[in-house]
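> Pasting a structure here, questions to come.
The values are calculated or read from the model by the stated rules, or taken from the named source; none is laboratory data. Just so you know, these numbers come straight off a predicted model, no measurement behind them. Neighbour counts are summed over all protein chains in view; Cβ atoms, including those assigned to glycine, are modelled from backbone coordinates with ideal geometry. We work out accessible area using only protein heavy atoms, side chains counted, and drop any ligands, DNA or RNA first. Shrake-Rupley method; radii C 1.70, N 1.55, O 1.52, S 1.80 Å.
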Amino acid sequence: MTSATKSTNTQSTSATMEDVQGSVDTRQIPINRVGIKDIQHPITVLGKDGRRSASIATFSMSVSLPHDQKGTHMSRFIQMLNETETEISAKNFNKMLSSMVERLEAESGYIEMQFPYFIEKTAPVSGVKSLMDYQVNLVGQIEQGHIDATLEVTIPVKSLCPCSKKISEYGAHNQRSHITVGINCSSKLWLDELIKSVEAQASAELFAILKRPDEKYITERAYNNPKFVEDVVRDVADVFDQNDRILRYYVHAENFESIHNHSAFAVVEHDKSV
């Protein structure tokens, strides 16, 4: 059998196979979201300095389904990922949302992608360089052509308790903390810029590698800069309030308490348009 004959037979078979997903459903119940989740795909993240960082993102993708359609075409999500540019930016992410609903002939859609982002940091005294990782989550939805996208980043830092320092003759309890911020922007805000602005509001920032002089510096910096979890979220919120590019945000800080068997947390949310 020649290749031309094989191609003709394949096309003929495809044309005669029933499209079950596209058939009519009579239950009159629309579905808000249907799609795939936890699929991994390589991406490239563009940094402020022009560098391109390779990473792997975990995607969840879904669309709405009208009441009269039996199912969506799941394979189209995978095809779109494999055909889409892997360099992630706000522009490309929004383009991906628009392309998805167009391709699946849907009125609304939702994409969530999680990936680690690495920044090379220099220790404050020794100057030793190391990579610090941050967890990034991009969440976007599109409905009737309107796109709403949120950039969320979890930033590990160090916090030291002002009360413990005040009442103790020496020392103070301190711990690693996570500050998770979510922002909606009117224009581009680089990940590096966002992370740096948040780290500056903690008792001290973290590094992957520290020599002994660096450890001394970080310990003493935190001791001289004590903050409650309430202080942290307020200070980050104050920075965001002064940034005109940020339209809406939330700040969540969690202290993994070193002298309690529980965590302490605080949350600030603000929509500047309200």
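> Too long at a 28 Å Cα-Cα cut-off: which of K166/K272; K48/K227; K129/K158?
K166/K272; K48/K227
> Test of understanding: what is the full-extension gain from H146 to R51, defined as 0.36 nm times their sequence separation minus their Cα-Cα distance?
Gain in length upon complete extension: 31.1 nm.
> Could you give the length gained by full extension between H173 and D68, i.e. 0.36 nm per residue of separation minus their alpha carbon distance, to one decimal place?
Here the answer is 31.8 nm.
> Which value in nm describes the separation of the simple spin-label points at R234 and K166, placed 7 Å from the Cα toward the beta carbon?
1.2
> Could you grab the relative contact order for the range 184-262? Cα pairs under 8 Å, six or more apart, rounded to a whole percent.
Computed over the range 184-262, the figure is 42 percent.
> Based on the Cα atoms of the range 223-274, what semi-axes does the equivalent ellipsoid have, where each is the square root of 5 times one gyration tensor eigenvalue, given in whole Å with the largest first?
Value: 26, 13, 6 Å, ordered largest first.
> Give the calculated FRET efficiency between V128 and F265 to the nearest 0.05, with a Förster radius of 45 Å applied to their Cβ-Cβ distance.
0.90
> Give me the orientation-averaged projected area of the Cα convex hull of the range 113-191, in nm², one decimal.
Taking the Cα atoms of the range 113-191, their convex hull projects to 8.3 nm² on average.
> Suppose R0 equals 25 Å. What FRET efficiency, 1/(1 + (r/R0)^6) with r the Cβ-Cβ distance, do I29 and E102 give to the nearest 0.05?
0.55
> Students often get this wrong: which residues of the range 74-116 have the backbone nitrogen under 17 Å from the point 7 angstrom along Cα-to-C-beta of S197?
90
> Where does the range 164-274 land on the Kirkwood hydrodynamic radius, alpha-carbon pairs, in angstrom?
15.3
> Suppose we keep just the alpha-carbon trace of the range 100-259; what are its Rg and Dmax in angstrom?
In Å, with Rg to one decimal and Dmax whole: 18.6, 67.
> Taking 8 Å as the Cα distance limit and 6 or more residues as the minimum spacing, I'd like the relative contact order of the chain as a percentage.
The normalised contact order for the chain reaches 14 percent.
> From the backbone phi of the range 42-47, what are the Karplus-calculated ³J(HN,Hα) couplings (6.51 cos²θ - 1.76 cosθ + 1.60, θ = phi - 60°) in whole Hz, Gly and Pro given as x?
These are the phi-based 3J(HN,Hα) values: x, 9, 10, 9, 8, x Hz.
> For the range 220-257 and the range 100-143, what is the separation of their Cα centres, given in Å?
What the calculation gives is 21 Å, centre to centre.
> Next question. Just by accessible area at a 1.4 angstrom probe, what is the order of I88, I209 from largest to smallest?
The residues order as I209, I88, largest area first.
> What is the range 71-151's relative contact order, in percent, from Cα pairs under 8 angstrom and six or more apart in sequence?
Normalised by residue count, the contact order of the range 71-151 is 26 percent.
> Here is a further query. Quick one: Karplus J couplings for the range 52-65, per residue in order, coefficients 6.51, -1.76, 1.60, θ = phi - 60°, nearest Hz, x for Gly and Pro?
Once rounded to whole Hz, the list reads 10, 9, 7, 8, 10, 9, 9, 9, 10, 9, 8, 9, 7, 10.
> How far apart, in nanometres, would the label points at T219 and M17 be if each is projected 7 angstrom from Cα along the Cα-to-Cβ direction?
About 6.6 nm separates the two model spin labels.
> Please give the peptides 179-185, 146-152 ranked by average Cβ packing (other Cβ atoms within 10 Å per residue), highest first, as a rough proxy for protection.
Per-residue Cβ counts within 10 Å, averaged per peptide and sorted highest first, yield 179-185, 146-152.
> Give the cross-link partners of K37 among the lysines, using a straight C-alpha distance below 22 Å as the criterion and excluding same-chain residues fewer than 8 apart.
Within the straight-line limit of under 22 Å, K37 reaches these lysines: K70, K95.
> Sticking with this structure for a sec: Mind listing the Cα extents of the range 154-203 along all three principal axes, in Å, largest one first?
On the principal axes, the range 154-203 reaches 49, 15, 14 Å in Cα extent.
> Continuing with this model, one more query. Read phi for every residue in the range 246-260 and hand back ³J(HN,Hα) as whole Hz from Karplus 6.51 cos²θ - 1.76 cosθ + 1.60, θ = phi - 60°, with x for Gly and Pro.
Here the 3J(HN,Hα) series is 8, 8, 8, 7, 9, 10, 10, 10, 10, 9, 7, 3, 8, 10, 10 Hz.
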